[in-house]
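Below is one structure, written out as structure tokens, with a few remarks after it.
The values are calculated or read from the model by the stated rules, or taken from the named source; none is laboratory data. Everything numeric in this text was worked out from a predicted model, so none of it was measured. A quick note on method: Cβ atoms are made from the backbone with ideal geometry, for glycine too, and the neighbour counts reach across all protein chains shown.
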Amino acid sequence: MNRRHFLKNSALAGGGLSVANISSIPNIIPAQPFNLNYAPHFGMFENSAGKDLFDQLKFMSDNGFKSLEDNGMLKRPVDIQTKIGETLVKLGMTMGVFVVDGGDNWKTSLTTGKQEFLDNFIKTCKDSVECAKRVNAKWMTVVPGFFERRLPMGVQTANVMEALRRGAEIFEPHGLVMVLEPLSDTPDLFLRHSDQTYMICKAVNSPSCKILYDIYHMQRNEGHLIPNMEMTWDEIAYIQIGDNHGRKEPTTGEINYKKVFEWIYNKGYKGIMGMEHGNYTPGKDGEMNVIKAYREVDAFK
């Protein structure tokens, strides 16, 4: 049984509450700050807040979320980027990551060493600086791309490091940070493990090149979440969330998120926790369940 359903049923049985009584309460989620800084994305609460982006931001803030994550920010019109940045300031919210994506960066690869890919990456890094200024962002996701089977692993790694050094030269003067994300979407991707990403960050040796530790992807690729985070902690600058399997909110899968979040909190982490997952249940009920799930796993001291 899903843990959320078990807890709900237990509460009904033990507390003498009826389903009718619970459904009559419009919002039982206290709008108090969370222990950790969780960042929803646009669309996650659109059934409750409507499709307008700025109404969604207000809804996030009203329910205790103090950051936003928007992978596609770089592709939004400049006037929308500017308005999002202004709205975040008014609401006291922080901008999380957006993806450094020049159109097909994810489908090509920095592993090849080809000048066309490097030139596109450098141009997109420069564009990202301007976008970051508009939305007050600090972190940008970088995915090096696909494994190049025609080249030795060492050569591919060197090509990636060289490209990242060039990117770091662009971001450093602005205090911006590219966060490298190892992924589990396909085994053909070059960057897949936390230790590999750690090695690359150490070699690039820049405050503008760090790790994005996506808990969902790392559970799928390597497991041992807390030990692996401990080993690579000094290079982790950003964390993302999704339960496995299904990539939905915490409590819907196998990961003991309450334990993982408590460990992260006790490490003194003050950064953003990007909610890069879907909703387990559709509609307004599903959106309320997402908020309830975060209240549940964030309930520690």
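Could you identify the single residue in Arg295, Arg247 that is on the phi > 0 side of the Ramachandran plot and either at pLDDT 95 or above or not aliphatic (A, V, I, L, M) (or both)?
Step by step, each of Arg295, Arg247 is checked, and only Arg247 is on the phi > 0 side of the Ramachandran plot and either at pLDDT 95 or above or not aliphatic (A, V, I, L, M) (or both).
Just to be sure I understand, how many residues within segment 268-298 are assigned to a loop (DSSP other than H, G, I, E, B), more than 15 Å from the chain's Cα centre (by Cα) and under 26 Å from Lys210 (Cβ atoms)?
Residues that pass the stated criteria total 2.
Among the residues that make up segment 242-255, is at least one of them surrounded by 21 or more Cβ atoms within 10 Å (Cβ to Cβ), polar (S, T, N, Q), without any contact (Cβ under 8 Å) to a residue 60 or more places away in the chain and closer than 22 Å to Thr186 by Cβ?
No: zero hits.
Has segment 5-16 got any residue that is farther than 26 Å from Glu254 by Cα, assigned to a loop (DSSP other than H, G, I, E, B) and modelled with pLDDT under 95? Walk me through how you get there before you give the answer.
Going residue by residue through segment 5-16, those that are farther than 26 Å from Glu254 by Cα are 15-16.
Still in the list and also assigned to a loop (DSSP other than H, G, I, E, B): 16.
Filter once more, so that each one left must be modelled with pLDDT under 95: 16.
Scanning segment 5-16, I find at least one residue that is farther than 26 Å from Glu254 by Cα, assigned to a loop (DSSP other than H, G, I, E, B) and modelled with pLDDT under 95, so the answer is yes.
Any residue in segment 23-42 that's among the aromatic types (Phe, Trp, Tyr): show its pairings with residues that are assigned to a helix (DSSP H, G or I) and modelled with pLDDT of 50 or more at Cβ separation under 6 Å, as long as the two are six or more apart or on different chains.
Filtered contacts from segment 23-42: Tyr38/Tyr294; Phe42/Leu53; Phe42/Gln56.
Taking the condition under 17 Å from the mean Cα position of the chain (by Cα), at negative phi and either of a type in the set (S, T, N, Q) or at pLDDT 95 or above (or both), does Tyr238 pass?
Details: under 17 Å from the mean Cα position of the chain (by Cα): yes; at negative phi: yes; either of a type in the set (S, T, N, Q) or at pLDDT 95 or above (or both): yes.
For Tyr238, the condition - under 17 Å from the mean Cα position of the chain (by Cα), at negative phi and either of a type in the set (S, T, N, Q) or at pLDDT 95 or above (or both) - is met.
It is to be established whether one or more residues within segment 214-224 are touching a Pro at 6+ places or on another chain (Cβ under 8 Å), surrounded by fewer than 23 Cβ atoms within 10 Å (Cβ to Cβ) and either at pLDDT 95 or above or among the small types (Gly, Ala, Ser) (or both).
Yes.
So, Asp195, is that one closer than 22 Å to Trp233 by Cβ, touching a residue at least 24 places away in the same chain (Cβ under 8 Å) and surrounded by fewer than 23 Cβ atoms within 10 Å (Cβ to Cβ) or not?
yes
Exactly one condition in (1) within 23 Å of Thr112 (Cα to Cα); (2) assigned to a helix (DSSP H, G or I) is not met by Arg192; state its number.
(2)
Lys301 fails exactly one of the following numbered conditions: (1) under 24 Å from Pro207 (Cα atoms); (2) part of a loop (DSSP other than H, G, I, E, B). What is the number of that condition?
Against the list (1) under 24 Å from Pro207 (Cα atoms); (2) part of a loop (DSSP other than H, G, I, E, B), Lys301 comes up short only on (1).
For Ile200, which of the numbered conditions (1) assigned to a strand (DSSP E or B); (2) in contact (Cβ under 8 Å) with a residue 40 or more places away in the chain fails to hold?
With (1) assigned to a strand (DSSP E or B); (2) in contact (Cβ under 8 Å) with a residue 40 or more places away in the chain applied to Ile200, the lone miss is (1).
Is it the case that segment 213-234 has a residue that's touching a Cys at 6+ places or on another chain (Cβ under 6 Å) and of a type outside the set (Phe, Trp, Tyr)? First the steps, then the outcome.
Taking segment 213-234 first, the residues touching a Cys at 6+ places or on another chain (Cβ under 6 Å) are none.
Scanning segment 213-234 turns up no residue that is touching a Cys at 6+ places or on another chain (Cβ under 6 Å) and of a type outside the set (Phe, Trp, Tyr).
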